[in-house]
Amino acid sequence: MAAKIPIALSDVQNTMLLPLWGRAFEATKPEPLLVDPAAIAMVDRLDYDFAAVRATQAPISQVAWVLRAVCIDEVVTAFLTEHPRGTVVNLGCGLDTTFERVDNGGVRWYDLDLEPVIALRRQLVQDSPRRSMITGSVLDTDWFAQVEVGEGVLFVAAGLLYYFEPEQVEATLKRLADEFAGCEFVFDVASPFGVAVSNKKVIDAGGLDERSYLRWGVADISDLLAWDDRFELVDTLYYFGDRAESLPPELRAMGQAADSKQVQYVVHLRSRRPS
Ligand SMILES: C[S@@+](CC[C@H](N)C(=O)[O-])C[C@H]1O[C@@H](n2cnc3c(N)ncnc32)[C@H](O)[C@@H]1O
């Protein structure tokens, strides 16, 4: 058996192991909401104590990571139906496996993250003619030239933007809209309450330090739309409706209460082209 791959990352980068574990763990349930063989294979290859993740994370958090992936898959799949040879850039990709779940045979896909994460990812995933990794920061622009624009561009940012200050998120979305006119975005947001709960129940409970705290909370999605008159809301996807029908009733009720308070949800935005 191949030796397990060691992990030497900062706490912020280690946050990527939580949704990875969440997606892999889902398949162990009798009625999984998502089956993600690539995530299972990655968990098996890594030298990491995933049992400790299971011991410290609440069932609702694990399910929310899975349902976030389900919502994002829906948006990416619809985008690729409309733009079969479109470009998708997965920002802060960590050890995400969306490509494996949604590849339509035509998409040009990029996975971007910071250097140590991409170095680890390269031990688990290979580049291919339609799929490339990019080492870079979402807060910088030096990687823009590496992106070949196809029939349209969709930026995916799962579990990423709330780690930044609001001004950084605003500047990042505007820069991407400037460079990739007409692009779309799909990302998750948390309310200020959701930020506080995640910091306590996910980051503190997981033994991660304060540098991994979420910072950007969205009280009202119209605040985000007001940043730029090019931004238009395509859809808001809440986790615990039809997608969560097979969940045990208590867990689903907890999730639906969180949905009704907009604790965490997925937003699909489009940036209008200048007329
Ligand atoms: C919670 S993880 C989410 C990973 C992945 N999107 C997923 O859903 O499984 C956050 C990721 O954001 C990455 N990240 C943090 N700051 C970043 C930056 N400035 N530029 C690019 N990626 C960043 C981290 O390295 C980490 O992989």
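The values are calculated or read from the model by the stated rules, or taken from the named source; none is laboratory data. This structure is a prediction, so every number in the text was calculated from the model and none was measured. All Cβ positions, even for glycine, are placed from backbone atoms using ideal geometry, and neighbour counts span all protein chains on display. Just the protein is used for accessible areas: all its heavy atoms, side chains included, with ligands, DNA and RNA removed. Shrake-Rupley method; radii C 1.70, N 1.55, O 1.52, S 1.80 Å.
Determine the dipole magnitude for region 203-262: charges of +1 sit on the beta-carbon of Lys and Arg, -1 on that of Asp and Glu, nothing else is charged, the reference point is the Cα centre, and the result goes in debye to the nearest 20.
160
Using +1 at the C-beta of Lys and Arg and -1 at the C-beta of Asp and Glu, which of VAL234, SER128, LEU114 has the Cα lying farthest in the positive direction of the dipole of region 11-271?
SER128
So which lysines can LYS201 reach, going by Cα to Cα under 19 Å and dropping same-chain residues fewer than 8 places off?
Candidates past the 8-residue exclusion: LYS261.
Loop only by DSSP, 12 or fewer other Cβ within 10 Å of the Cβ. Give me the trypsin sites (Lys or Arg not before Pro) in region 100-195 that pass, ordered by residue number.
Within region 100-195, the qualifying trypsin sites (Lys or Arg not before Pro) (loop, at most 12 other Cβ atoms within 10 Å) are ARG122.
With a 1.4 Å probe and all protein chains kept in place, how much accessible area does GLU100 have, in Å² rounded to the nearest 10?
80
Restrict the search to region 1-74; then list the trypsin sites (Lys or Arg not before Pro) that DSSP places in a loop and that have at most 14 other Cβ atoms within 10 Å of their Cβ.
LYS4
Taking the Cα of GLU115, stepping 7 Å toward and past its beta carbon, and measuring to each backbone N in region 9-31: which are under 20 Å?
Answer for region 9-31: 9-16.
Would you check the accessible area of ASP229, probe 1.4 Å, heavy atoms only, in square angstrom rounded to 10?
Accessible area, nearest 10 Å²: 130 Å².
As an exercise, identify the GluC sites (Glu not before Pro) in region 132-234 lying in DSSP coil whose Cβ has no more than 11 other Cβ atoms within 10 Å.
Listed in order of number, the matching sites are GLU148.
Restricting to region 11-271, compute how many DSSP beta bridges are antiparallel as a %, nearest 5.
Within region 11-271, antiparallel bridges account for around 45 percent of the total.
Sequence-distant or interchain residues sharing an amide H contact under 5 Å with LEU114, placed H: which?
Sorted by chain and number, the residues that satisfy this are GLY136.
If you place +1 on the Cβ of every Lys and Arg and -1 on the Cβ of every Asp and Glu, how big does the dipole about the Cα centre of region 11-271 come out, in debye to the nearest 20?
500
I need the phi-derived Karplus couplings for region 133-149: 6.51 cos²θ - 1.76 cosθ + 1.60, θ = phi - 60°, integer Hz, Gly and Pro marked x.
Those phi angles translate into 8, 10, 8, x, 9, 4, 7, 9, 10, 5, 8, 3, 5, 7, 8, 8, 8 Hz.
If you count only protein heavy atoms and use a 1.4 Å probe, how large is the accessible surface of THR77, to the nearest 10 Å²?
70
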